[in-house]
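First the structure, in the form of structure tokens, and then the observations on it.
The values are calculated or read from the model by the stated rules, or taken from the named source; none is laboratory data. Just so we're clear, the structure is a prediction, and the values are computed from it rather than from any experiment. Glycine gets a Cβ as well: all are built from the backbone with ideal geometry, and neighbour counts include every protein chain shown.
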Amino acid sequence: MIIHLTILLGFQLFGEVAARALSLTLPGPVIGMTALFLSCIAIPRLATYIMPTATVLLAHLSLLFVPAGVGVIGHLDKFGSDGLALGAAIIGSTVLAIVAGVLTFIGVRRLTGAP
Amino acid sequence: MTDFSEIWTYLAADPLLWLTLTLAAYGLGDAAFRASGRKPIINPVLIAVALLAILLRLTDTSYATYFEGAKFVHFMLGPATVALAVPLYANLHHIKATALPMIAALFAGSLTAMLSAVGIGMALGLDRDLLLALLPKSATAPVALGVSEAIGGSPSLTAVLVITTGITGAIIATPLLNALGIKDWRARGFAVGVASHGIGTARAFQVNETAGAFSGIGMGLNAVLTALLAPLIAPWLLSLY
């Protein structure tokens, strides 16, 4: 468990350093995820090794968004009369983006004959 | 016997109280979700956020004080994002088989998310600053905030829109995709990750492991694409005003 966490934090640290050193717009954890993914391809045993801790962390992924979500509340009143329009833009665009994404995926999969 | 107000003074300033309450609020939200038969509308994040917001309002506690305790939970987002590499690797054979559908769906989902949000906002009369803050809202929070700042939006406003988008995606994805009759977990997960980042991904993992892995890929790829495209779309948007 401790070693697993150390590995995950190590890749995050690598990502944060790489993002700053190379002035990338990507967040450190996303770079760390990519680096760990490539490392797992190079060393398949690594994936099997950290699997238990990764599974536990991802099973409770929702919990980790709660503190940021509470921060939202302080901003709700400042929307005022724009609240409805913003809500409509968010709900409408999220529905349209999911539909566009999923139909394109299925369509191109059929066109290319992928399984 | 110590006066309760003295105990409260200690507790309110100590990280322990708000850390415990964050876990408890989420525990209640998760219990409600399970008791409902895992209905998507009973979203554990939304319930926990609402409970904690009410509690902060009632006890007159600032967000900064709350975050002193909650930051330990918030911090784990970083390693959890890194950990997404593991299900990604476990689905490597799926990824190789569906590289083209993924790339096409990424562009379709990402552009639709940005342009339709701005289009709807514009039609309903939102001003320029709000439209700029809306543009990157489907990307994962750290990317969206950075992009918002770079294109002249308000990062704190974007943070609110990002979280709201995530919760919206987590709630509507299952009924929407069922109504469309989509049974391919890879397509379902990927589209949700592109449109509603980590909160959508967390929801996808509750439904299906493969959907969760593909949602993670969608989130990661859309982080990159939004960072590249939003700065190109923003000047065009500004030229309309």
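Does B:D3 satisfy being in contact with a Pro (Cβ under 7 Å, 6 or more places away or on another chain) and of a type in the set (D, E, K, R)?
no
I need the full set of residues from the stretch B:206-235 which are surrounded by fewer than 24 Cβ atoms within 10 Å (Cβ to Cβ), more than 26 Å from B:S154 (Cβ to Cβ) and either over 17 Å from the mean Cα position of the chain (by Cα) or facing another protein chain (nearest Cβ under 9 Å) (or both), in order please.
Matches in the stretch B:206-235: B:Q206, B:N208, B:E209, B:T210.
Do we find that B:L100 is at pLDDT 90 or above, surrounded by fewer than 15 Cβ atoms within 10 Å (Cβ to Cβ) and assigned by TED's automatic domain parsing to the domain that holds B:R203 in this structure?
yes
Out of all the residues in the stretch A:54-80, which are facing chain B (nearest Cβ under 7 Å) and not hydrophobic (A, V, I, L, M, F, W, C)?
Scanning the stretch A:54-80 gives A:S62, A:P67, A:G69, A:G71, A:G74, A:H75.
Taking the criterion of being out of contact with any helix residue (DSSP H, G or I) (no Cβ under 8 Å at 6 or more places or on another chain) and assigned by TED's automatic domain parsing to the domain that holds A:I3, would at least one residue in the stretch A:70-80 satisfy it?
Within the stretch A:70-80 (the criterion being out of contact with any helix residue (DSSP H, G or I) (no Cβ under 8 Å at 6 or more places or on another chain) and assigned by TED's automatic domain parsing to the domain that holds A:I3), the answer is no, since none of the residues qualifies.
Can you find a residue in the stretch A:30-42 that is out of contact with any Leu (no Cβ under 9 Å at 6 or more places or on another chain), assigned to a helix (DSSP H, G or I), within 17 Å of B:S215 (Cα to Cα) and hydroxyl-bearing (S, T, Y)?
No; the residues of the stretch A:30-42 include none that is out of contact with any Leu (no Cβ under 9 Å at 6 or more places or on another chain), assigned to a helix (DSSP H, G or I), within 17 Å of B:S215 (Cα to Cα) and hydroxyl-bearing (S, T, Y).
Regarding the stretch B:202-218, can at least one residue be identified that is without any contact (Cβ under 8 Å) to a residue 24 or more places away in the chain and farther than 19 Å from A:M33 by Cβ?
yes
Under the condition of being touching a residue at least 24 places away in the same chain (Cβ under 8 Å) and hydroxyl-bearing (S, T, Y), which residue from the stretch B:143-163 is surrounded by the most Cβ atoms within 10 Å (Cβ to Cβ)?
That would be B:T158.
Any idea which residue in the stretch A:16-27 is nearest to the other protein chains (Cβ to nearest Cβ), counting only those that are out of contact with any Leu (no Cβ under 8 Å at 6 or more places or on another chain) and touching a residue at least 12 places away in the same chain (Cβ under 8 Å)?
The residue in question is A:P27.
I need every pair where a residue in the stretch B:120-142 that is among the hydroxyl-bearing types (S, T, Y) has its Cβ under 8 Å from the Cβ of a residue that is assigned to a loop (DSSP other than H, G, I, E, B), sequence separation at least 6 or different chains.
Once the first residue is among the hydroxyl-bearing types (S, T, Y) and sits in the stretch B:120-142, its partners that are assigned to a loop (DSSP other than H, G, I, E, B) give B:T140/A:P27.
For the stretch B:175-188, check the following and say yes or no: at least one residue is without any contact (Cβ under 8 Å) to a residue 12 or more places away in the chain and at positive phi.
yes
How about the stretch B:31-93: which helices (runs of 4 or more DSSP H) wholly inside it have at least 1 residues that are farther than 20 Å from B:I199 by Cβ and without any contact (Cβ under 8 Å) to a residue 24 or more places away in the chain?
Here the list reads B:44-59, B:63-75, B:85-90.
Which one of B:S116, B:S110 is closer than 25 Å to A:I106 by Cβ, among the hydroxyl-bearing types (S, T, Y) and more than 7 Å from chain A (Cβ to nearest Cβ)?
B:S110
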